[in-house]
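Engineer: Handing you a structure now.
Coordinate-derived values only; no laboratory data. Note that the coordinates shown come from a computational prediction; the quantities given were computed from them, not determined experimentally. Glycine gets a Cβ as well: all are built from the backbone with ideal geometry, and neighbour counts include every protein chain shown.
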Amino acid sequence: MGAESKVQMLDKIKALVGESITEENLTFIDSFVSKNMALFIPIGGSCGYAVTPWHTHPSYMFLLPYDNETTIVLENKKLELNPKTLFCLSPYIAHHEIQNYFPPKYCAVFIEKYFFEASFSNYCEKIKKFDGDIIVLQSLDLEFQIEKFLQESNSEYKNKKDLLELLAELLTHEIIRTIISKPKSSVQLTQNQRINKVVKYINAHFETNLTLLELAQKVNLSKSHLSKLFGKEMDVSVMEYIKNVRLTNAKKMLQSQVLSVTQVSQQCGFNSTSYFTKLFKEKYNQTPKELLKR
């Protein structure tokens, strides 16, 4: 999060999500925040604020689910969200997320009210009200823009704050165009899109027993072809990438100080706690228990 203090970051989040949100609500949440936009991704658990009954947000909320485990309740309906869709909600509409046994997997995008409406006015004269609208995604363009925002949020460049503002504007326009566009005919995935789809699937299902064959079938490639493309694009093998994603999420779960080492090991897809400990020490030069003590 750069040199910005936790207090400054929480103030920005409150302005977008709601004044009553607390740091504890975000225990299981990865936050990526700019001036007019914030992205939140659950890691190993629900957002404490999201499951608070009948809460509202001062900003526009757009939610991109990665599995079928997220259910949103509004005053007059209950919506079960699916992948490849975009859930849209205008400011100050009461709702809440149902807390399930399985941790939710999605990316929630919050856009400051006047910033979004100023952008929307470039396309339509009347600002549309979103009351739990669900848009079927016809391309991977929105996911690409989200990925760019996440990558820049994690960068160490001095000018990243300015670039994040530009990326927030681009992402806002991409969301608007996704909402107002007519359905497009399906097109063949490019090589980069195939790899992006595999990466997204791994990040959404890292706790399962992923195989190279399963991933190759997702993008209609042979195992050998996927291995070659993935290694060329990502500079790491498919299985090594899966291991790194599991260990990265495991570290975040341990830092939350809520789950035990065994629970974290199981939730991150490791069949053996001892094997998990071995890999964790190789990557982070400390065991999971040593991290917990610190």
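Engineer: Based only on other Cβ atoms within 10 Å, what is the fewest-to-most ordering of ARG294, ARG246, ARG177? Provide the component values of the computation, followed by the final result.
Structural biologist: Details: ARG294 7, ARG246 23, ARG177 12.
So the ranking, lowest neighbour count to highest, is ARG294, ARG177, ARG246.
Engineer: Would you work out which of VAL258, SER227, CYS268 lies farthest towards the positive end of the dipole of segment 188-294? Charges go on Cβ: Lys and Arg +1, Asp and Glu -1.
Structural biologist: Toward the positive end, the furthest listed residue is VAL258.
Engineer: Over the Cα atoms, compute the radius of gyration (one decimal) and Dmax (the largest Cα-Cα distance, rounded to a whole number) for the chain, in Å.
Structural biologist: Expressed in Å, the Cα Rg and Dmax of the chain come to 19.5, 60.
Engineer: Using the number of other C-beta atoms within 10 angstrom as an exposure proxy, rank GLU169, GLU112 with the fewest first. The partial results should precede the final answer.
Structural biologist: On the way: GLU169 17, GLU112 22.
Exposure proxy ranking, most exposed first: GLU169, GLU112.
Engineer: I've got another one for you. Projecting each Cα onto the charge dipole of the chain (Lys/Arg +1, Asp/Glu -1 at the beta carbon, about the Cα centre), which of LEU64, ILE41, ASN285 comes out farthest on the positive side?
Structural biologist: Value computed over the given set: ASN285.
Engineer: Got the relative contact order for the chain handy, in percent, Cα pairs under 8 Å and 6 or more residues apart?
Structural biologist: Once divided by the residue count of the chain, the mean separation gives 14 percent.
Engineer: Taking 7 Å along the Cα-to-C-beta vector as the label spot, tell me the SER272-SER20 distance in nanometres, rounded to one decimal.
Structural biologist: It is 4.9 nm.
Engineer: Determine the principal axes of the Cα atoms in segment 188-294, then give the extent along each, sorted from largest to smallest and rounded to whole angstroms.
Structural biologist: Computed over the Cα atoms, the extents are 49, 21, 20 Å.
Engineer: Then there's this: Calculate the dipole size of segment 6-180 relative to its Cα centre from +1 charges on Lys and Arg beta carbons and -1 charges on Asp and Glu beta carbons; express the result in debye to the nearest 20. Write out the running numbers ahead of the final one.
Structural biologist: Values: 17 positive and 24 negative charges, 41 e Å.
Dipole about the Cα centre, nearest 20: 200 debye.
Engineer: Going highest first, how would you order 92-98, 117-123 by mean Cβ packing within 10 Å? Could the numbers behind the result be given before it?
Structural biologist: Details: 92-98: 16.1, 117-123: 14.1.
Result, highest mean Cβ count within 10 Å first: 92-98, 117-123.
Engineer: To the nearest 0.05, what FRET efficiency results for VAL51 and GLN257 with a Förster distance of 22 Å applied to their C-beta separation? Show your work: numbers first, answer last.
Structural biologist: Numbers: r = 20 Å, r/R0 = 0.90.
Computed FRET efficiency for VAL51 and GLN257 comes out at 0.65.
Engineer: Roughly how many debye, to the nearest 20, is the charge dipole of the chain about its Cα centre, given +1 on each Lys and Arg Cβ, -1 on each Asp and Glu Cβ, and no other charges?
Structural biologist: With only Lys, Arg, Asp and Glu charged at Cβ, the dipole is about 780 debye.
Engineer: Let me know the Rg and Dmax you get for segment 6-180 when you use only its Cα atoms, in Å.
Structural biologist: According to the Cα coordinates of segment 6-180, Rg and Dmax are 15.1, 47 Å.
Engineer: Using only helices, what value at 222 nm comes out for the chain when you add -39,500 (n - 2.57) per DSSP H run of length 4 or more and divide by the total residues, to the nearest 500 deg cm²/dmol?
Structural biologist: Details: 11 runs with 130 residues, N = 294.
Estimated from H runs of four or more residues: -13500 deg cm²/dmol.
Engineer: Could you rank the peptides 207-219, 60-72 by their average count of other C-beta atoms within 10 Å per residue, with the highest value first? Could the numbers behind the result be given before it?
Structural biologist: Working: 207-219: 15.3, 60-72: 20.5.
Answer by packing, highest mean first, reads 60-72, 207-219.
Engineer: Students often forget the sequence filter, so: which aspartates and glutamates lie under 18 Å Cα-Cα from LYS158 once same-chain residues fewer than 8 apart are removed?
Structural biologist: GLU4
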